[in-house]
Amino acid sequence: GSNSMWGGRFAEGPASVMREINASIPFDKRLWKQDIAGSKAHVAMLAARGIVSGEDAQAITEGLNRVAAEYEANGVPVNMDLEDIHMVTESRLAELIGPAAGRLHTARSRNDQVATDFKLWVRDAIDEVQAGLAALQAALVARAESHADSVMPGFTHLQSAQPVTLGHHLMAYYEMLKRDRSRFADARARLNRSPLGAAALAGTGFPTDRFMTAAALGFDGPTDNSLDSVSDRDFALDYLMAATQCSLHLSRLAEEFIIWASQPFGFVKLPDAYSTGSSIMPQKRNPDAAELVRGHAGRIMGCMTALCVTMKGLPLAYSKDMQDDKPPVFEAHDLLGLSIAAMTGMVETVTFRTDRMRALAESGFATATDLADWLVREADVPFREAHHITGRAVKLAEDRGVQLADLPLEELQGIDARIHQGIYDVLTVDASVASRMSHGGTAPAQVRARIAQARTELSKA
Ligand code: ARG
C-alpha cells in the first residue's frame, strides 16, 4: 500500500529497491534521543502559542516519553517502510496515543526536524570529543612531567638534529590537541542556532515562536534564513574538518610510536594491551593499535571528503542527497573516538627506554650546533664560518669513529686555533638541552614552565 505519512496522492507503494535506497532508518536511528527532544520542544511551543490544545500537547509529550522508554529498553525498530527516525517515532506515537499524534507535525517539516536533530547530535559529539581530548592531553602532560629532563635525539628529516627532551617532544602533541580543541569549540559555537521552525523551506504561517524552541533545546537562538536553515550542513563539515585535522595529529603520534617501537630505534616498548603477536613469528610484538590510528586518519579524511562532495553544487533548499550526510559523520565520530581512546591508553602505559634515547642522542653529533654557537659566542666567529669549522670537526670525529666530545683539544685546535678547553662544556647533550632557554625551547626549565601552564589550561577547559 501507499505510505501512511505522505501517501495521499499515491496510488501505489514504492518498489522494494526504492524502499531500500530511500530508507535512512538503519543509520539515522542514532538520532532518536535528539528527535524526541526536538519534538517535545516543538509541541510545548505549539501549545504555548495555542496552535494545539494543552490536552493534545500533554498526550503527545507523554506518548513521546513512552516511545523513548521503549527505544531505551529495546532499541529502535528498523522499519524500512517508515524510512527514517522521524517517521518511525511519529508512527509509534500514533499507535500509542491515536489521532492526536497527527498534530505534532504542525508547523514543522522533516527538513527542519532533521537539521535540528543532527545539529543536536553533532553538538553532543563535540562534547564527547572534547572530553576525550582533555584526557589525552592530561596523559601527555603527566608523562611529559616525568620526562622533562630525559634527553632524546630531536630529528629533522628523521636525521638526528639536536638533542631535545622527551617531555618537550610529548608536549608538542599537547599543543596540537589544544588547537584541535579550539577548532571543535569554534564549530560548537557556530553550530548553536536552531533550524527548528524553518519548516520545509519557506517558514510557516502558523504563529510559532522559534525563540522558545531554540531556548528549550539549548541553542543560542533561531537561525535567520529558512532556506539556509534546511540546506546548511556546515556544522557537519566543521565537525568533520576538525576531526580530520585532529586525526592527522593522532596519526603522527601513532607513526612516531610505530617507528620508536621498531628494533633499530628501540625508544619504546608498547604495552601488551595495545600490541598483537604474529601467528607465525613468535618474537613479534606488532603495534597494531597505533597502526589502526594511523589508518583511521585516512578514513576520517575520506568521510570529510565524502560530505564535501555531497554538498558541492546542491541547489537550495533540501535535496535527498543530504540524507547521505549522516553516515560519514557517524563513521568519523566512531573512528575518532576509538583513536583518541587508544592513543590515551598507549600514552598512559608505554614504556620509554630513556637509556636508549640518551645513547642515540649522544651518538649522532647532535651537539654540532652547540659547537658552532660556542665559536660565535666565545670567539666572535661569524656563524657561517663557525658552521664550516664545525663541519670539519664532525668529519674528523666521523673518520675517527668517535663523538665530538671525544676529540682531543689539539685536534680541534688544528681545525681552528680559537678553540679552547671551554668547548667541552657545551658538547654534552645535557648542556645542550639546558641551554635552550628561549621561550618554547627544550630546556627542562622551559618545559616544566609550560607543563605548569598546561595544567592550569586543563583545569579550566
Ligand atoms: N530522512 C531524511 C534525511 O535524513 C529526512 C528529511 C526528509 N525530507 C524530505 N523532504 N524527504 O535527510
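Coordinate-derived values only; no laboratory data. On a predicted model such as this, the values are computed, not experimentally measured, just so you know. Glycine also receives a Cβ, built like all others from the backbone with ideal geometry; neighbour counts cover every protein chain displayed.
Table for the structure above
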read-out	value
Single unsatisfied condition, ALA273 versus (1) exposed (fewer than 14 other Cβ atoms within 10 Å of the Cβ); (2) in a loop (DSSP other than H, G, I, E, B); (3) touching a residue at least 12 places away in the same chain (Cβ under 8 Å); (4) more than 16 Å from the ligand (Cβ to nearest atom)	(2)
Which listed residue, of ALA393, ALA366, ALA372, is in a helix (DSSP H, G or I) and under 15 Å from GLN162 (Cα atoms)	ALA372
Evaluation of PRO315 against (1) over 30 Å from TYR173 (Cβ atoms); (2) buried (at least 19 other Cβ atoms within 10 Å of the Cβ); (3) within 16 Å of the ligand (Cβ to nearest atom) (one fails), failing number	(2)
Which numbered condition GLY167 misses (of (1) surrounded by fewer than 23 Cβ atoms within 10 Å (Cβ to Cβ); (2) assigned to a helix (DSSP H, G or I))	(1)
Tabulated pairs, the stretch 108-124, first within 14 Å of ASP238 (Cα to Cα), second of a type outside the set (Gly, Ala, Ser) and within 11 Å of the ligand (Cβ to nearest atom), C-beta under 6 angstrom, 6+ apart or interchain	TRP121/LEU31
Residue in the stretch 83-90 that is within 15 Å of the ligand (Cβ to nearest atom), closer than 30 Å to ILE340 by Cβ and part of a loop (DSSP other than H, G, I, E, B) present	yes
VAL141 vs. criteria in a loop (DSSP other than H, G, I, E, B) and of a type in the set (A, V, I, L, M)	no
Test set (1) more than 16 Å from the ligand (Cβ to nearest atom); (2) crowded, with 21+ Cβ neighbours inside 10 Å; (3) more than 28 Å from ASP209 (Cβ to Cβ) - MET45 fails condition number	(3)
Subset of the stretch 293-348 (residues that are among the basic types (Lys, Arg) and under 30 Å from SER275 (Cβ atoms))	ARG294, ARG299
Counted residues, the stretch 203-234 - those being of a type in the set (A, V, I, L, M), touching a helix residue (DSSP H, G or I) at 6+ places or on another chain (Cβ under 6 Å) and surrounded by fewer than 22 Cβ atoms within 10 Å (Cβ to Cβ)	3
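Residue-by-condition table, conditions (1) part of a helix (DSSP H, G or I); (2) under 29 Å from ALA202 (Cβ atoms); (3) over 32 Å from the mean Cα position of the chain (by Cα); (4) away from the ligand (no atom under 13 Å from the Cβ):
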| site | (1), (2), (3), (4) |
| --- | --- |
| ALA41 | yes, yes, no, yes |
| ARG66 | yes, no, yes, yes |
| GLU72 | yes, no, no, yes |
| VAL78 | no, no, no, yes |
| GLU95 | yes, no, yes, yes |
| ALA101 | yes, yes, yes, yes |
| ALA107 | no, yes, yes, yes |
| ASP117 | yes, yes, no, no |
| TRP121 | yes, yes, no, no |
